[in-house]
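Here it is, the structure, as structure tokens.
Any read-out appearing in this document is the output of simple, stated calculations on the displayed coordinates, not a laboratory observation. Just so we're clear, the structure is a prediction, and the values are computed from it rather than from any experiment. Every residue, glycine among them, receives a Cβ derived from its backbone with ideal geometry; neighbour counts consider all protein chains shown.
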Amino acid sequence: MENMLDYNISTLRKLLDRGEITSEELTKGYLERISAVDSRVRAYVTITEKEAVEQARKADKRIRQGESAQLTGIPLGIKDVICTRGIPTTCSSKMLENFRPPFDATVMDRLYQQGAVMLGKLNMDEFAMGSSTENSAFFSTRNPWDLKRIPGGSSGGSAAAVAARTCVASLGSDTGGSIRQPASHCGVVGLKPTYGLVSRYGLVAFASSLDQIGPLSRCVEDAAILLEVVAGHDRRDSTSLPRPVPSFAKACRKGLKGIKVGIPKEYFIDGVQDEVVTEIQKALKVMQEMGAELVDISLPHTEYAIATYYIIATAEASSNLSRYDGVKYGFRAENYSNLMEMYKETRAQGFGPEVKRRIMLGTYCLSAGYYDAFYKKASQVRTLIIEDFKGAFKDCDVIAAPVAPTTAFRIGEKADDPLQMYLSDIFTIPVNLAGIPGMSVPCGFDQKGLPIGLQLMAGHLQEEILFRAAYNVEKGLGLKAQWPQLD
């Protein structure tokens, strides 16, 4: 099976169930691929070779007994912010460098129940704070399309691993664009589901009202299959929505006729790379030719999204990260003379500069005399952004826009300018603030051969219509699966 690394989940499912390939062969093929190319891409923090082969053998036994499910025997990569029992979960931070959780996240339980195989844990910006995966405490992940460029972030390892074909698909997390932006930069599909659709139990918290786990994959149908498995109510997560999980893969099969696609004027502004606009306009034309109707819409409070996000997210991060104090688990500084000094030294040595910056911003926003001026005001503006989307979805079914203003930038290019780095999430942040689903679908390349993603957004719990639109765009553009040359 020379081309087994090229196959998507549904093709592999047929091959595995027919016995034309075994999960063990497939898993070893991916482990060989990791060995061959990951020293350059650096997507993996931990490779779980022994566990993966063991899981693959169990999956093969299950398949022989006629008990296979959608993901039985399929090798996946997992962002290192998702707890995996007995396997390091570092959040790419020195603070959790040696942390091995005593439990699995709910999404891992659901993958293992299906018989999926975990190849390893994927690199990320420390505690998911960043847009380039340069903030990892261990190393920067590189974009497989150009190893001098960033893969995006914070799920940079998750996107790069799929693009480099070192896993079939992966899981990431998205707080302000951390799945969609790297998916766009690496030329893969990435979905941030409706807030509450996927359990956050076992997801190490950054900003609890924004975080959501989602799939990164090589095609829209694979994302649908993966979401079907990990979605659903979980009593261990109080924000989990008690609703049945529809068949997202079936929703892909419906056409675009009669669907209204909203084009927000606030997302097509000065500063967006010309080639990004050109490729998105081509995708919109394809949607129109397939029967969709394009309508102009407005999301007037978009300009306040970045400021609102960086108050709410940092305030929640400040609260969530107070647990890393050197007492209960994780890193502890060695030289201290009293408890307060131990706290200070542990946090000073354990956290990287970006995490410290956000903790300080958040603590300031929540401090006495500033709470009303900052956090309360940001929460009110968040409500206005939610209302913008509600109003827009009265006039359209999905919204189409860029994922990021530019294609992937060079490693180090924005490292000394946090504001420019934060602006790279300008088009993804509103989706998290509103709690709605958003997806990045590959729609072309710039003149340097760097991928460009089209962002599609839908109303609360409208993933089915999102998959329908995304699948048809993918089909209509007819972009054959292209992979970066790493050999």
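Using only Cα atoms, locate the centre of segment 87-165 and the centre of segment 284-362, then give the distance between them in Å, rounded to an integer.
Distance between centres, Cα-based: 16 Å.
Where a ≥ b ≥ c are the square roots of the eigenvalues of the C-alpha gyration tensor, would you call segment 75-229 rounded, which needs a/c under 1.5, or, failing that, prolate if a/b is larger than b/c, or oblate?
Since a/c stays below 1.5, the shape of segment 75-229 is classed as rounded.
Label segment 342-414 by shape, choosing from rounded, prolate and oblate, from the square roots a ≥ b ≥ c of the eigenvalues of the Cα gyration tensor; if a/c is under 1.5 it is rounded, and otherwise prolate applies when a/b is larger than b/c, oblate when it is not.
On the way: a/c = 3.75, a/b = 1.41, b/c = 2.65.
Since a/c reaches 1.5 but b/c is at least a/b, the shape of segment 342-414 is classed as oblate.
Something else now. Give the long-range amide H neighbours of Val45: residues separated by 5 or more places, or on another chain, with amide H under 5 Å away, using H modelled in the peptide plane at 1.01 Å from N.
It is Lys121, Leu122, Asn123, by chain and number.
Would you order Val327, Val230 from fewest to most other beta-carbon atoms within 10 Å of each residue's own beta-carbon?
Fewest-to-most Cβ neighbours within 10 Å comes out as Val327, Val230.
Report the extension gain between Asp417 and Glu20 in nm, rounded to one decimal, defined as 0.36 nm multiplied by the number of residues separating them, less their alpha carbon distance.
Numbers: separation 397, 0.36 × 397 = 142.92 nm, distance 5.20 nm.
Fully extending the segment from Asp417 to Glu20 adds 137.7 nm.
Follow-up question, since we're still on this one. Please work out how much length the chain gains when fully extended from Tyr329 to Arg40, using 0.36 nm per residue of separation minus the C-alpha to C-alpha distance, in nm with one decimal. If you can, show how the numbers build up before the last one.
On the way: separation 289, 0.36 × 289 = 104.04 nm, distance 3.23 nm.
Extra length from Tyr329 to Arg40 when fully extended: 100.8 nm.
Still on this structure, I have one more. Starting from the Cα of Lys356, step 7 Å toward the Cβ, then list every residue of segment 98-138 with an amide N under 17 Å from that point.
126-127, 129-130, 135-138
Please say if segment 151-253 is rounded, prolate or oblate, where rounded means a/c under 1.5 for a ≥ b ≥ c the square roots of the C-alpha gyration tensor eigenvalues, and otherwise the choice is prolate for a/b larger than b/c and oblate otherwise?
Oblate.
Take every Cα-Cα pair in the chain and report what % of them are more than 34 Å apart.
29 percent
Under the 0.36 nm per residue contour assumption, what length would be gained going from the current alpha-carbon distance of Asp6 and Glu341 to full extension?
115.3 nm
Once you place label points 7 Å from the Cα toward the Cβ at Ser322 and Ala348, how far apart are they in nm?
In this crude spin-label approximation the distance works out to 2.2 nm.
If you rank Cys443, Cys219 by fewest surrounding Cβ atoms within 10 Å, what's the result?
Listing Cys443, Cys219 from fewest to most nearby Cβ atoms yields Cys219, Cys443.
Additional query: Which net charge results when you count Lys and Arg as +1 and Asp and Glu as -1 among the other residues whose beta-carbon is under 10 Å from that of Gly86?
Summing Lys/Arg as +1 and Asp/Glu as -1 gives 0.
Another one. Given the DSSP H assignment, sum -39500 (n - 2.57) over each helix run of at least 4 residues in the chain and divide by its residue total; what's the result at 222 nm in deg cm²/dmol, nearest 500?
My calculation for the chain gives -11500 deg cm²/dmol from helical runs alone.
So which trypsin sites (Lys or Arg not before Pro) in segment 308-339 are both in a DSSP loop and have at most 14 other Cβ atoms within 10 Å of their Cβ? Numbers along the way, then the final one.
Details: sites: Arg323, Lys328, Arg332; in loops: Lys328, Arg332.
Qualifying residues, ordered by number: Lys328.
Would you please name the trypsin sites (Lys or Arg not before Pro) within segment 428-482 that are DSSP coil residues with at most 16 other C-beta atoms within 10 Å of their C-beta?
Lys448, Lys480
Along the Cα→Cβ direction, 7 angstrom out, place labels at Lys390 and Gln485. What is the inter-label distance in nm?
Computed distance between label sites Lys390 and Gln485 equals 5.3 nm.
Give me the one-decimal nm value for the distance between modelled label points at Lys282 and Phe103, 7 Å along each residue's Cα-to-Cβ direction.
Spacing of the two 7 Å Cα→Cβ label points: 4.8 nm.
Next up: At a Förster distance of 22 Å, what's the computed FRET efficiency of Arg253 paired with Glu289, Cβ-Cβ distance as r, to 0.05?
Efficiency, rounded to the nearest 0.05: 0.75.
Tell me, what is the FRET efficiency for Ala373 and Gln447 to the nearest 0.05, using R0 = 56 angstrom and their Cβ-Cβ distance as r?
Taking R0 as 56 Å, the efficiency between Ala373 and Gln447 is 0.80.
For a quick check: sort Ile452, Ile306 by the number of other beta carbons within 10 angstrom, fewest at the front. Numbers along the way, then the final one.
Working: Ile452 28, Ile306 17.
In order of increasing Cβ crowding within 10 Å: Ile306, Ile452.
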